[in-house]
1. Take the residues in the range 168-214 that are under 26 Å from I148 (Cα atoms) and part of a loop (DSSP other than H, G, I, E, B), then tell me which one is most open to solvent (accessible area, probe 1.4 Å).
2. Can you run down the residue pairs with Cβ atoms below 7 Å, 6 or more apart or on separate chains, where the first is in the range 222-245 and open to solvent by 60 Å² or more (accessible area, probe 1.4 Å) and the partner is outside any helix (DSSP H, G or I) and hydroxyl-bearing (S, T, Y)?
3. Report whether or not S44 is under 28 Å from A123 (Cβ atoms) and modelled with pLDDT of 90 or more.
4. Out of all the residues in the range 55-64, is one or more more than 22 Å from T158 (Cα to Cα), without any contact (Cβ under 8 Å) to a residue 12 or more places away in the chain and part of a loop (DSSP other than H, G, I, E, B)?
5. For the range 106-133, give me each residue that is crowded, with 18+ Cβ neighbours inside 10 Å and among the small types (G, A, S).
6. What single numbered condition from (1) assigned to a helix (DSSP H, G or I); (2) touching a helix residue (DSSP H, G or I) at 6+ places or on another chain (Cβ under 7 Å); (3) of a type in the set (S, T, N, Q) fails to hold for T17?
7. Are there any pairs, at least 6 apart or on different chains, whose C-beta atoms fall under 7 Å, with the first in the range 2-24 and modelled with pLDDT under 90 and the second among the charged types (D, E, K, R) and part of a loop (DSSP other than H, G, I, E, B), and if so, which?
8. Residue under question is W154, and the condition is that it be out of contact with any Asp or Glu (no Cβ under 8 Å at 6 or more places or on another chain), open to solvent by less than 20 Å² (accessible area, probe 1.4 Å), within 21 Å of E176 (Cβ to Cβ) and of a type in the set (F, W, Y); does it hold?
Amino acid sequence: MSITSFGRTIQKDWNLTPSRSKVARARRLVMKVIHGDEIKQYDSLWDYVQEVRTSNPSSSFYLNLAGNLFSTCFMALDACKRGFMARCRPIICLDGCHIKTKFGGQLLTDVGMDPNDCIFPIAMAVVEIESFASWEWFLQTLKDELGIDNTYPWTIMTDKQKGLIPAVKKLFPESEHRFCVRHLYSNFQEKFKGEILKNQLWACARSSSVQQFNRNMYRMKVLSKDAHKWLQKMDSKTWVRAYSLNSLSVIYCLTIIVWSSTSIYWKQENSLYSVCLRE
């Protein structure tokens, strides 16, 4: 509830007209009761870490300080790390968002995809801003936690946030770097409106062969020549399914189908998959 709507509610229910500053102070007191004191929550971080390590041993939590003040932190539960390396596809999706609290900051997240095509959380971090340095630290810590030495089998999915592209290029040099089509569409719709163009964009992205992609791009050209030219400027290898270079992801999808019918095949194929990651 905004301060303005909060003041109107007070005026309607209590027939009072408090000043804006008084309404703002009242709102802060209420939020403090609901969410707790933010400073005390930061003071409780070490207790929270100890509880996590007690309930889930081998979990990782790194807390960096600037003097005596909170700077950054990284957390990865052991169950998530083991589950991701044992059963999930070699795809890592990275994203960041603003933390809308008194002290602000950025929440960096790292998720994978499980055999049911659902989101599988791996790790998260809190940093001051999104930059090359923060993403480099986050990715390096992630590689160390997962024990990733050979980056070739991996596919990294990101948006085009500041500092993220060079950080991925440095720490995952041999990985296939692909971009999120949802973020691509958010830029696309600023110039090209309409449900038809939106559906055609997703049809192009989901094309499973080069021939199908060319047909969908031709249909886009018929619908809008300007939209077609805009998409042609994008590297097809970064957002079109047909141009996926990492064959291990496809092999792993086939392994899931085998697992659904016979669990013995799953164990054999997964052992081979684990060896590929280690080598």
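The values are calculated or read from the model by the stated rules, or taken from the named source; none is laboratory data. Note that the coordinates shown come from a computational prediction; the quantities given were computed from them, not determined experimentally. Here Cβ is always computed from backbone atoms with ideal geometry, including for glycine, and neighbour counts include all displayed protein chains. Only protein heavy atoms, including side chains, enter the accessible area calculation; ligands, DNA and RNA are left aside. Shrake-Rupley method; radii C 1.70, N 1.55, O 1.52, S 1.80 Å.
1. E174
2. Every condition considered, the pairs that remain are R241/S207; R241/S208.
3. The answer is no for S44.
4. Step one: filter the range 55-64 for residues more than 22 Å from T158 (Cα to Cα), giving 55-64.
Add one more test, that the residue is without any contact (Cβ under 8 Å) to a residue 12 or more places away in the chain, and what stays is 55, 64.
Keeping just the survivors that are part of a loop (DSSP other than H, G, I, E, B) gives none.
No - not one qualifying residue is present in the range 55-64.
5. Within the range 106-133, G112, A123, A125 meet the criteria.
6. Among (1) assigned to a helix (DSSP H, G or I); (2) touching a helix residue (DSSP H, G or I) at 6+ places or on another chain (Cβ under 7 Å); (3) of a type in the set (S, T, N, Q), T17 violates only (1).
7. From the range 2-24, no pairs qualify.
8. On the way: out of contact with any Asp or Glu (no Cβ under 8 Å at 6 or more places or on another chain): no; open to solvent by less than 20 Å² (accessible area, probe 1.4 Å): yes; within 21 Å of E176 (Cβ to Cβ): yes; of a type in the set (F, W, Y): yes.
No: the conditions fail for W154.
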